[in-house]
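The structure appears right after this line, and notes come after that.
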Amino acid sequence: MKPVEMFQFCPRCGVSRHTDNHAQTPFRCAGCGLVFYFNPIVAAAAFVFDSDGRVLLIRRAKDPSAGKLGVPGGFIDFGESAEEGMRREVREEVGLELDNVRFLVSFPNIYHYREVTYPVVDLYFTALALNPEKAQALDAVVSVEWRLPNEIPDEEIAFPSMAVALKALLR
């Protein structure tokens, strides 16, 4: 279910949803006139390199895509820039600090979590690990591994947006 489909009543005045606007964005209340937009969530991730040109991959512990390969990253919190959120997620998931952060590409994604389907814009960066030997599996990560970017099998990639980002990286 999309977030907009969860609003059956106006969050301001409680009037039932106007049927002409069912599951559309923005939500428009026929009672009080509230206009509420449902925009994509923003996530950021990084292709973190070591000095040998290998990329740090994580094996995901949780759905969606449990067991598949990803790169460290996650959702941006309120008040964070994309770079700050990506750095925080990398610290939380693999315990690394980064240098030479550069934007790579963005791509839309769909993230299914419990009964909600979230539209997401994934922002991908490249970065250099300051101490790559300290990488470890932490939050929601089963294991970490270092691979050359051209050695990442398509069938193991966790998200379509990561496949797009990997192609941009390999160009």
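Here the sum of -39500 (n - 2.57) over DSSP H runs of 4 or more residues, divided by the residues of the chain, equals -4500 deg cm²/dmol at 222 nm, to the nearest 500. Compared with the dominant Cα axis of the chain, that is its longest principal axis, helix 82-94 is turned about 60°.
Loop-located GluC sites (Glu not before Pro) across the range 40-121 with a Cβ neighbour count of 14 or fewer within 10 Å are E97, E115, with loop assigned by DSSP. In the chain, which longest range has no chymotrypsin sites (Phe, Trp or Tyr not before Pro) that are both DSSP loop (not H, G, I, E or B) and surrounded by at most 13 other Cβ atoms within 10 Å? With a cap of 13 other Cβ atoms within 10 Å, the longest stretch comes to 79-171. Based on the alpha-carbon gyration tensor of the range 75-165 and its eigenvalue square roots a ≥ b ≥ c, which shape applies: rounded if a/c is under 1.5, prolate if not and a/b is larger than b/c, or oblate? Rounded is the answer for the range 75-165, as its axis ratio a/c remains below 1.5. The equivalent ellipsoid that matches the C-alpha gyration tensor of the chain spans semi-axes of 37, 15, 14 angstrom, in descending order.
No lab work stands behind these numbers, since they all come straight from the coordinates. Predicted, not measured: the structure shown is a model, and the values here were computed from it. Because the Cβ atoms are built from the backbone with ideal geometry, glycine has one as well, and the counts that use them run over all protein chains shown.
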